[in-house]
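Worksheet: one structure, shown below.
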Amino acid sequence: MAWIDSWSHGWVLFAAIALVFWGASGITQKLSTNRISSELSFLWFACAIIVISAVMALTVRVQWHLPMLMFWMAVAGGALNGLGALTSFAALESGGKASIVISLISLFPLVTVALAIVFLRERMTVRQAAGVAVALTAAILLSMEPDAAQLTPTVRQGSE
């Protein structure tokens with residue numbers, strides 16, 4: 001199977017590790033925004049990023065000379081990532097359930113797909129387009145909050 005062969009590439013392992021880290025971060029973000037403001041939670045998030053960045057700067061050999069365009073693209077990517085994190089904290093603090101908020105914001109690759117088609121002239125296969133359609137359907141279904149009457153007794157009890 002092709003997907004098994006892809007595990008021999010280092011990027012798949014890193015992607016799997018990122019999946020676990022980001023999956024766990026959804027819970028820690030919800031727990032923190034239940035007790036402190038989204039702004040304060042974000043500031044502590046940023047402090048953690050600064051510490052990780054400092055460790056990398058001290059331990060990883062980095063080629064610091066790069067074209068200005070690439071510098072600004074990296075800065076823009078960091079700013080957009082930070083703004084995405086800040087608004088996700090706000091969604092959680094505003095009462096969003098972690099299971100729904102994190103699932104919805106995790107569909108951000110759909111925006112990347114659309115932008116890659118427009119700006120990078122990338123193409124999608126029929127199978128990939130079907131995947132996008134399934135993801136959009138998932139987003140719609142996840143965003144539909146049930147009424148209390150629709151919840152089963154087990155679900156109602158677990159949410160209290």
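Summary of values
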quantity: GLY96 being closer than 24 Å to GLY23 by Cβ and outside any helix (DSSP H, G or I); calculated: yes
quantity: Of all residues in segment 75-103 being of a type in the set (S, T, N, Q) and surrounded by fewer than 17 Cβ atoms within 10 Å (Cβ to Cβ), the one that is nearest to GLU39 (Cα to Cα); calculated: THR87
quantity: In segment 64-89, the residues that are in a loop (DSSP other than H, G, I, E, B) and among the hydrophobic types (A, V, I, L, M, F, W, C); calculated: TRP64, LEU66
quantity: Residues (closer than 30 Å to MET144 by Cβ, at pLDDT 90 or above and among the polar types (S, T, N, Q)) located in segment 57-100; calculated: ASN81, THR87, SER88, SER94
quantity: First in segment 40-68 and touching a residue at least 60 places away in the same chain (Cβ under 8 Å) and over 18 Å from TRP22 (Cα atoms), second anywhere and in a helix (DSSP H, G or I) and among the hydroxyl-bearing types (Ser, Thr, Tyr), Cβ under 6 Å, 6 or more apart; calculated: none
quantity: Residues located in segment 121-152, provided they are in a loop (DSSP other than H, G, I, E, B) and modelled with pLDDT under 85; calculated: MET144, GLU145, PRO146, ASP147, LEU151, THR152
quantity: Qualifying residues in segment 113-133 (those that are β-branched (Val, Ile, Thr) and loosely packed, with under 10 Cβ neighbours inside 10 Å) - the one nearest to ILE36 (Cα to Cα); calculated: VAL118
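The values are calculated or read from the model by the stated rules, or taken from the named source; none is laboratory data. Every value quoted in this text rests on a predicted model; they were computed, and no experiment measured them. Reconstructed Cβ throughout: ideal geometry from the backbone, glycine too, with neighbour counts over all protein chains shown.
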